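Right, one structure below, let's go through it.
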Amino acid sequence: MSRWVISGLRQGVVTTCYPTRMETAKGTSPGLPARLTPMADEFGQELVDVCPTGAIHFERGEARVDYGRCIHCFRCSRSARYVLEWESGFEWARFASDGSNFVKGAASWPKAFRKSMHIRVVDAGDCGACLNEVKQLNNPYYNMHRLGFFITPTPRKADILLVVGPVNDHTRLPLQAAYDAMPTPKLVMAVGACALSGGVFGPSFVTGTGVKDVLPVDIEVPGSPPPPLAILHGLLVAAGRKPPMPGQDGR
Amino acid sequence: MLNLAGMAAEAEQNWPGLVQAWVDRRTPLCELRCPPSEILPEVVHWVVDELLFRFAGLIVEQEPQEWDLRYLFYSIQGPPRWARLRVRQPLDTPKFPSISPQVHAADWYEREAEDLYGVTFEGHPRLGDFVLHDDLWQEAVAPMRRDFDEKAALAERRPDLDWKFRRIVHDPGAFAMPVGPIYSGVTESVQFLLETVGEDVIRAFPRLFYKYRAIEKIAEGRNVDGCLLLAERFAATTAFAHALAYCQAVETICRVKLPPRAHALRVLVSELERFRHHVGVIHDICESTGLSVAASQAAILEEDLLRLSGDLTGHRYLFGLAIPGGLSRNLKDADCIDAVEMAVKILKRLQELDDGLRYSSSFLDRLEGVGIISPGKAWEFGLVGPMGRASGLGGDLRKAQPYASYEHFEFDVPLESEGDGFARLRVLMAEAAQSVRILCQVPVRLEAGDVAVGVSLQSGRALGWVEAPRGATFHGLHLDESGVVLRYRMITPSFVNWHGFHLAAENFAFQDFPIILATVGLSATENDR
Ligand code: SF4
């Protein structure tokens with residue numbers, strides 16, 4: 001056993017400096033296209049057509065990207081005549097548009113979660129990538145325990161429900177049951193483009209348009225999948241320790 | 001072994017007037033047209049047990065006038081080739097003989113077709129409740145039919161409220177524990193029924209398809225580009241492998257010849273994905289045994305590989321890279337060389353971790369002899385990928401049916417025979433090393449030039465195949481003249497291997513369950529689609 005102690009010590013500390021400072025290591029985020037780009041009408045229309053999820057809108061000479069719908073397919077940066085700039089970064093989390101009572105201001109945001117928050121993760125038909133990124137939050141690079149975030153196996157001890165996937169027919173009832181079993185006050189965080197909008201899967205006869213169809217959502221984390229740092233940002237926003245992405249606020 | 005022409009002749013001679021055969025030299029493939037009668041199981045028996053082809057899967061298609069069933073088989077020894085059994089039936093007679101008694105691996109394929117198309121297989125012991133859960137949908141709903149009316153189906157739902165898990169153990173005092181679909185920490189939605197009489201669990205049977213998103217249905221009517229997104233994103237921890245299989249199907253239909261650079265880069269990215277996937281499973285295995293330092297170290301390696309993938313290709317899960325005709329962006333030679341060097345370093349650290357694990361008796365005790373699948377059972381269930389190879393069942397599409405430019409690369413296919421958790425870990429470790437061995441050969445094969453060619457869409461049918469990290473995957477595609485998808489079929493390794501999962505979960509101690517689950521490394525999303 002001492003072998004593992006020694007090799008563990010030799011490993012040293014790899015944990016990210018986020019949220020104290022921004023993480024700048026390569027490959028930690030897939031990035032997103034620039035949110036606002038002025039351009040000529042013909043190029044703008046072409047971009048609208050090239051985007052498979054309807055994330056790009058073109059109005060008054062500006063191409064605007066809705067991060068909640070973007071799936072990093074890179075079509076707007078690789079297969080159009082006038083391509084969008086790509087932006088790094090990961091602080092994408094926002095309050096849900098048309099969301100819960102907390103978001104609407106009808107109830108005050110729970111303060112109890114500022115120091116520590118227990119998370120129940122529910123897979124509502126995800127493709128495996130979002131779930132894998134959630135799993136990375138426990139690895140030494142991200143080590144979310146240091147921030148007081150813990151994954152709990154039971155919804156009865158959970159403060160926040162973290163949902164990945166578009167919510168398909170077979171997972172709808174289990175998801176609802178997990179939410180109902182949580183004590184109040186409770187928060188819901190939708191993680192990933194599918195959980196926000198149905199992504200490439202919904203709507204269809206077995207898939208809806210995301211978690212908001214079923215539950216009141218508080219926090220949305222765009223990305224497909226959102227990298228671990230983006231999910232961490234979402235948790236910090238939920239705990240009231242970081243502001244959401246400016247300009248994406250649904251309130 | 002017969003050549004294809006000989007095979008065609010012998011088939012027509014064995015079943016005169018009943019079986020028609022023809023040979024397609026391009027694939028190369030021998031198609032045998034069989035009547036939907038007791039002849040079919042006989043022909044299947046001949047193809048599998050005498051000619052030693054391996055069952056790849058079943059593709060059902062509803063044509064305007066008839067049902068068209070295609071049973072696919074491929075050679076795993078000798079020159080690469082295929083056998084395809086084709087059976088048709090008028091639309092108003094959706095009945096076929098079951099081949100499951102001859103090829104047990106066909107069991108789930110027939111159940112799936114019955115549930116989604118409403119075609120029955122006579123002689124199959126258990127049809128019904130499978131993909132669409134009967135506690136939510138009545139049995140008569142057949143969503144894959146062309147005339148499926150989704151509004152009516154949703155409006156007229158009649159769930160079976162008395163639905164119960166089917167129990168096998170009926171000892172006095174036996175009880176059953178359902179686990180899932182939401183259980184443990186960060187897990188996919190799957191349910192298990194653990195049946196026990198006290199201490200030990202007698203068997204654990206999975207109930208899958210919680211994640212059914214009807215991918216094959218929603219693909220129909222999309223264009224090639226829209227369907228690519230589904231291929232890539234239905235099972236995203238192995239996104240590149242599936243996107244590649246799909247792209248290869250499109251390229252075969254449209255007769256596209258790729259530049260050598262595209263092939264070499266596809267090999268590079270495929271092996272990077274396999275390496276990352278295997279390290280992820282190794283991490284899960286360490287974690288399931290509670291060996292936290294090792295789990296942390298494996299997790300660091302997995303994150304390093306995700307970052308490497310993200311830095312090299314723009315996306316940590318390699319999204320958006322594979323397109324029909326090549327790759328969506330060129331990778332610089334220097335970046336590829338750096339990536340390979342980095343992969344070599346990561347492998348070295350993985351091997352140090354492996355050395356440590358082999359000296360940790362408490363770790364080995366928990367893997368050795370746990371979750372054994374015998375070679376005979378592996379063969380019967382046709383297990384694929386590392387799970388099959390740990391039980392002595394070879395066959396790797398990169399060797400048996402080479403694609404991209406794998407025929408130019410030197411590598412071995414590791415094989416073990418014990419079939420327990422430790423054997424599966426050893427196979428994963430050895431395959432990771434082989435992936436890096438392939439990666440190291442890529443830079444010298446990077447010819448200058450384009451990474452993509454234009455594709456002019458045509459109508460037709462084709463199969464694309466890839467040895468995905470979890471095993472063989474086959475994507476069947478049928479396009480019309482304007483490039484609209486008429487049928488998209490995904491045959492995945494997790495579908496095949498979940499069928500045999502219960503073999504590894506018999507008579508075990510309850511605390512071993514997470515370990516068994518981790519060592520088989522199966523994906524629910526890849527199975528459920
Ligand atoms: S990356 Fe794809 S989904 Fe995102 S805005 Fe661009 S085209 Fe749309």
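The values are calculated or read from the model by the stated rules, or taken from the named source; none is laboratory data. Fair warning: this is a prediction, and the values are worked out from it, not measured in the lab. All Cβ positions, glycine included, derive from the backbone under ideal geometry; neighbour counts span all protein chains shown. What goes into the accessible areas is simple: the full protein's heavy atoms, side chains included, and nothing from ligands, DNA or RNA. Shrake-Rupley method; radii C 1.70, N 1.55, O 1.52, S 1.80 Å.
If I filter segment B:317-339 down to residues being over 26 Å from the mean Cα position of the chain (by Cα) and part of a loop (DSSP other than H, G, I, E, B), which single residue comes out as surrounded by the most Cβ atoms within 10 Å (Cβ to Cβ)? Reasoning before the result, please.
First, the residues of segment B:317-339 that are over 26 Å from the mean Cα position of the chain (by Cα): B:329-339.
When the remaining residues are screened for being part of a loop (DSSP other than H, G, I, E, B), the result is B:329-332.
Details: B:Arg329: 17, B:Asn330: 15, B:Leu331: 19, B:Lys332: 10.
Applying the filter and picking the extreme gives B:Leu331.
Kindly evaluate A:Pro203 against the criterion of being more than 9 Å from every other protein chain (Cβ to nearest Cβ), without any contact (Cβ under 8 Å) to a residue 40 or more places away in the chain, part of a loop (DSSP other than H, G, I, E, B) and surrounded by fewer than 24 Cβ atoms within 10 Å (Cβ to Cβ).
Details: more than 9 Å from every other protein chain (Cβ to nearest Cβ): yes; without any contact (Cβ under 8 Å) to a residue 40 or more places away in the chain: yes; part of a loop (DSSP other than H, G, I, E, B): yes; surrounded by fewer than 24 Cβ atoms within 10 Å (Cβ to Cβ): yes.
Yes: the conditions hold for A:Pro203.
Looking only at segment A:84-127, filter to residues that are closer than 29 Å to B:Glu188 by Cα, in contact with a helix residue (DSSP H, G or I) (Cβ under 6 Å, 6 or more places away or on another chain) and part of a loop (DSSP other than H, G, I, E, B); which one of those is modelled with the lowest pLDDT?
A:Ala96
Taking the options A:Gly198, A:Gly240, name whichever one is more than 16 Å from the ligand (Cβ to nearest atom) and either at pLDDT below 90 or in contact with a Ser or Thr (Cβ under 8 Å, 6 or more places away or on another chain) (or both). Before you say what the answer is, go through the steps one by one.
Values: A:Gly198 fails: more than 16 Å from the ligand (Cβ to nearest atom).
It is A:Gly240.
Among residues belonging to segment A:68-117 that are polar (S, T, N, Q) and within 21 Å of A:His57 (Cβ to Cβ), point out the one that is nearest to the ligand (Cβ to nearest atom).
Step by step, filter segment A:68-117, then rank; the result is A:Ser77.
Scan segment B:435-464 for residues that are closer than 30 Å to B:Thr519 by Cβ and in contact with an Asp or Glu (Cβ under 6 Å, 6 or more places away or on another chain) and report the count.
Of the residues in segment B:435-464, 3 are closer than 30 Å to B:Thr519 by Cβ and in contact with an Asp or Glu (Cβ under 6 Å, 6 or more places away or on another chain).
On the basis of being assigned to a loop (DSSP other than H, G, I, E, B), exposed (fewer than 14 other Cβ atoms within 10 Å of the Cβ) and touching a strand residue (DSSP E or B) at 6+ places or on another chain (Cβ under 6 Å), does B:Arg158 make the cut? Give the derivation first.
On the way: assigned to a loop (DSSP other than H, G, I, E, B): yes; exposed (fewer than 14 other Cβ atoms within 10 Å of the Cβ): yes; touching a strand residue (DSSP E or B) at 6+ places or on another chain (Cβ under 6 Å): no.
Against the criterion (assigned to a loop (DSSP other than H, G, I, E, B), exposed (fewer than 14 other Cβ atoms within 10 Å of the Cβ) and touching a strand residue (DSSP E or B) at 6+ places or on another chain (Cβ under 6 Å)), B:Arg158 does not qualify.
Just the residues that are open to solvent by 20 Å² or more (accessible area, probe 1.4 Å), out of contact with any helix residue (DSSP H, G or I) (no Cβ under 8 Å at 6 or more places or on another chain) and in a helix (DSSP H, G or I), please, taken from segment B:494-515.
Scanning segment B:494-515 gives B:His502, B:Phe510, B:Gln511.
Taking segment B:66-82, which residues are among the aliphatic types (A, V, I, L, M) and modelled with pLDDT of 90 or more? Step through it out loud before you land on a result.
Keep residues of segment B:66-82 that are among the aliphatic types (A, V, I, L, M), which gives B:69, B:72, B:76.
Hits for segment B:66-82 are B:Leu69, B:Leu72.
Which numbered condition trips up B:Lys377, out of (1) more than 14 Å from chain A (Cβ to nearest Cβ); (2) under 19 Å from B:Arg274 (Cα atoms); (3) touching a helix residue (DSSP H, G or I) at 6+ places or on another chain (Cβ under 9 Å)?
Against the list (1) more than 14 Å from chain A (Cβ to nearest Cβ); (2) under 19 Å from B:Arg274 (Cα atoms); (3) touching a helix residue (DSSP H, G or I) at 6+ places or on another chain (Cβ under 9 Å), B:Lys377 comes up short only on (2).
For A:Ala106, state whether it is without any contact (Cβ under 8 Å) to a residue 24 or more places away in the chain and more than 7 Å from chain B (Cβ to nearest Cβ). Working first, answer last.
Working: without any contact (Cβ under 8 Å) to a residue 24 or more places away in the chain: yes; more than 7 Å from chain B (Cβ to nearest Cβ): yes.
Yes; evaluated as a whole, the condition is true for this residue.
Six or more apart or on different chains, Cβ atoms under 9 Å: show the pairs whose first residue is in segment B:159-182 and more than 22 Å from B:Phe513 (Cβ to Cβ) and whose second is surrounded by 13 or more Cβ atoms within 10 Å (Cβ to Cβ) and among the polar types (S, T, N, Q).
Sorted first by the residue in segment B:159-182, then by its partner, the pairs are B:Pro159/B:Gln138; B:Asp160/B:Gln138.
Select, from B:His283, B:His278, B:His242, the only residue that is in the same structural domain as B:Gly320 (by TED's automatic domain parsing), open to solvent by 10 Å² or more (accessible area, probe 1.4 Å) and assigned to a helix (DSSP H, G or I).
Criteria check complete, one pass: B:His283.
When you look at B:Arg329, is it in contact with a Leu (Cβ under 6 Å, 6 or more places away or on another chain) and within 16 Å of the ligand (Cβ to nearest atom), yes or no? Before you say what the answer is, go through the steps one by one.
On the way: in contact with a Leu (Cβ under 6 Å, 6 or more places away or on another chain): no; within 16 Å of the ligand (Cβ to nearest atom): yes.
Judged against the criteria, B:Arg329 is not a match.
For segment B:279-319: of the residues being without any contact (Cβ under 8 Å) to a residue 60 or more places away in the chain and at positive phi, which is farthest from the other protein chains (Cβ to nearest Cβ)?
Only one residue tops the list, namely B:Gly290.
Only one of these conditions is not met by A:Cys76: (1) open to solvent by 10 Å² or more (accessible area, probe 1.4 Å); (2) in a loop (DSSP other than H, G, I, E, B); (3) of a type outside the set (Asp, Glu); (4) within 14 Å of another protein chain (Cβ to nearest Cβ). Which number is it?
Answer for A:Cys76: the failing condition is (2).
Is segment B:427-437 home to any residue that is buried (at least 18 other Cβ atoms within 10 Å of the Cβ) and touching a Cys at 6+ places or on another chain (Cβ under 6 Å)?
no
Please verify whether segment B:454-463 includes one or more residues that are at pLDDT 90 or above, within 20 Å of B:Ala264 (Cβ to Cβ) and crowded, with 21+ Cβ neighbours inside 10 Å.
Scanning segment B:454-463 turns up no residue that is at pLDDT 90 or above, within 20 Å of B:Ala264 (Cβ to Cβ) and crowded, with 21+ Cβ neighbours inside 10 Å.
Given the conditions (1) within 26 Å of B:Pro493 (Cβ to Cβ); (2) open to solvent by less than 50 Å² (accessible area, probe 1.4 Å), report the number of the one that B:Gly314 does not fulfil.
(1)
Okay, residues lined up against (1) among the small types (Gly, Ala, Ser); (2) open to solvent by less than 10 Å² (accessible area, probe 1.4 Å):
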{"residue": "A:Cys194", "(1), (2)": "no, no"}
{"residue": "A:Pro225", "(1), (2)": "no, yes"}
{"residue": "A:Gly240", "(1), (2)": "yes, no"}
{"residue": "A:Met245", "(1), (2)": "no, no"}
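Quick one: in segment A:3-52, of everything that is of a type in the set (Asp, Glu) and either in contact with a His (Cβ under 8 Å, 6 or more places away or on another chain) or in contact (Cβ under 8 Å) with a residue 24 or more places away in the chain (or both), which residue is farthest from the ligand (Cβ to nearest atom)?
A:Glu23
Looking at segment B:1-96, what strands (runs of 3 or more DSSP E) fall wholly within it and have at least 3 residues that are open to solvent by 30 Å² or more (accessible area, probe 1.4 Å) and of a type outside the set (A, V, I, L, M)?
It comes to B:20-24, B:82-90.
Might you let me know whether segment B:340-360 holds any residue that is open to solvent by less than 70 Å² (accessible area, probe 1.4 Å) and within 19 Å of B:Phe513 (Cα to Cα)?
Within segment B:340-360, not a single residue is open to solvent by less than 70 Å² (accessible area, probe 1.4 Å) and within 19 Å of B:Phe513 (Cα to Cα).
With (1) within 8 Å of chain B (Cβ to nearest Cβ); (2) within 16 Å of the ligand (Cβ to nearest atom) as the list, and A:Asp123 as the residue in question, which single condition is left unmet?
Going through the list (1) within 8 Å of chain B (Cβ to nearest Cβ); (2) within 16 Å of the ligand (Cβ to nearest atom), A:Asp123 breaks only (2).
Check whether at least one residue in segment A:210-231 is without any contact (Cβ under 8 Å) to a residue 24 or more places away in the chain, more than 16 Å from the ligand (Cβ to nearest atom) and on the phi < 0 side of the Ramachandran plot, and report yes or no. Talk me through it step by step, then tell me what you get.
First, the residues of segment A:210-231 that are without any contact (Cβ under 8 Å) to a residue 24 or more places away in the chain: none.
For segment A:210-231, residues without any contact (Cβ under 8 Å) to a residue 24 or more places away in the chain, more than 16 Å from the ligand (Cβ to nearest atom) and on the phi < 0 side of the Ramachandran plot: absent.
Open to solvent by less than 10 Å² (accessible area, probe 1.4 Å) and of a type in the set (S, T, N, Q): is that true of B:Thr289 in this structure? Steps first, please.
Numbers: open to solvent by less than 10 Å² (accessible area, probe 1.4 Å): no; of a type in the set (S, T, N, Q): yes.
No: the conditions fail for B:Thr289.
Could you list all residues from segment A:109-138 that are free of Cβ contacts under 8 Å to residues at least 24 places away in the same chain and more than 24 Å from A:Ile71 (Cα to Cα)? Can you show your working first?
First, the residues of segment A:109-138 that are free of Cβ contacts under 8 Å to residues at least 24 places away in the same chain: A:128, A:135, A:138.
The answer is A:Asn138, and nothing else.
Restricting to segment A:53-67, what's the tally of residues that are near the ligand (Cβ under 6 Å from one of its atoms) and open to solvent by 50 Å² or more (accessible area, probe 1.4 Å)? Don't jump to the end; show me each part of the working.
First, pick out the residues of segment A:53-67 that are near the ligand (Cβ under 6 Å from one of its atoms): A:53, A:55-56, A:65.
Remaining after also requiring open to solvent by 50 Å² or more (accessible area, probe 1.4 Å): none.
Residues flagged as near the ligand (Cβ under 6 Å from one of its atoms) and open to solvent by 50 Å² or more (accessible area, probe 1.4 Å) within segment A:53-67 amount to 0.
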